[in-house]
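Step one of this worksheet: look at the structure below.
The values are calculated or read from the model by the stated rules, or taken from the named source; none is laboratory data. Here the structure is a predicted model, which is why all the values come from computation and not from measurement. Note that each Cβ is placed from the backbone with ideal geometry, even for glycine, and that neighbours are counted across all protein chains shown. Surface areas here come from the heavy atoms of the whole protein model, side chains and all, with no ligands, DNA or RNA. Shrake-Rupley method; radii C 1.70, N 1.55, O 1.52, S 1.80 Å.
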Amino acid sequence: MADIAAETMNSLYIRALSSTDSDSDYCKYWVEWFTYAEGNEYFCEVDEEYILDRFNLTNLQNEVPNYYVEALQMITDNPSDKPMSEEVREQVERSAKHLYGLIHARYIITAPGLKKMLDKFKRGDYGRCPRVYCHQNTLMPVGITDVPGQKPVKLYCCRCEDIYNPKSRRHNMIDGAYFGTSFPHMLLQVYPTLKPAPSEQRYVPRIFGFKIHSIAELHRWQDEQREKQKKRLGITE
């Protein structure tokens, strides 16, 4: 199955590279290829209208200093006529993926982006909370920082309000800045019915049925009584 999926993605990418259709068709193919690639399942497809609006890309050139123009051309099917070496093409592709991630972080807090991420959330694309008392509550992606290259993406549970590491090593490689610190909270603001009641259940550690802190109190009381008994009997150590 993995070989078939890889073959499908490769053929899709080849179609995109060789396509003579309109810019919008190629943009769809590149974005579709990227989001279907193994390890990129957390991403949604950014609308081409959003990518083509330069206002939405303000200051991103500072974040992608190498081959920014070529990367944007790769995403939007406007390739340069200038021939590229294989090494340069690989660098352009890395820059394109990084640029797409930064655009993605901005897009998913817009109304259309929130709607697409809501669909992925409802499908359980990001997994379930591992905490027992959250009862398999659905997770959503979040970044610890908005600065790229600092921390990988985490998964936020809106029931226990804590974050967890993705199970897959591939997903642990995704930059958290591609989702940002605001996304899950913005989603819950726009769709407040998504937020479940907080779990009031807490695990209480016990030994032989006694709460740990109760046992500690019992031991202190026993020690105090033992010392009093020694004093009454005149026992000295």
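So how strong a dipole does the chain carry about its Cα centre when Lys and Arg Cβ are +1 and Asp and Glu Cβ are -1, to the nearest 20 debye?
Numbers: 31 positive and 33 negative charges, 448 e Å.
I would put it at about 2160 debye.
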Once label points are set 7 Å from the Cα along Cα→Cβ at both residue 221 and residue 115, what is their separation, rounded to one decimal in nm?
-> 6.3
Charge tally for neighbours of residue 119 with beta carbon under 15 Å away, counting Lys, Arg as +1 and Asp, Glu as -1, is +1
Computed over the chain: longest principal axis from alpha-carbon atoms vs helix 2-18 long axis, angle to nearest 10 degrees, is 40
For Rg and Dmax of the Cα atoms in Å the list reads [x] 26.6, 101; [y] 18.0, 66; [z] 20.9, 83; the calculated value is entry [x]
Furthest towards positive pole of dipole, 143, 84, 34, structure part the chain, Cβ charges | 143
Segment residue 90-residue 150, length gained on full extension (0.36 nm per residue, minus Cα span) = 19.3 nm
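About its Cα centre, what dipole magnitude does the stretch 124-208 give when the only charges are +1 on Lys and Arg Cβ and -1 on Asp and Glu Cβ, stated in debye to the nearest 20?
360
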Send over a whole-number figure in Å² for the accessible area per residue of the chain, probe 1.4 Å.
-> 63
Crossing angle, helix 86-107 versus the chain [Cα axis fit, 0-90 degrees, rounded to tens] = 60
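Which FRET efficiency value, to the nearest 0.05, is calculated for residue 173 and residue 80 with the Förster distance at 30 angstrom and r the Cβ-Cβ distance? Show your work: numbers first, answer last.
Values: r = 29 Å, r/R0 = 0.96.
For R0 = 30 Å, the calculated efficiency reads 0.55.
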Hey, what angle do you get for helix 111-123 against the long axis of the chain, alpha-carbon based, 0 to 90 degrees rounded to 10?
-> 60
Over the chain, with every protein chain in place, what whole percent of the accessible area is carbon and sulfur at 1.4 Å, could you tell me?
-> 52
Reach of residue 97 by Cα under 27 Å, taken over lysines that are not fewer than 8 positions away in the same chain | 28, 82, 115, 116, 120, 122, 151, 154, 167
Assuming R0 = 30 Å, can you tell me the calculated FRET efficiency for the pair residue 69 and residue 186, based on Cβ-Cβ distance, to the nearest 0.05?
-> 0.45
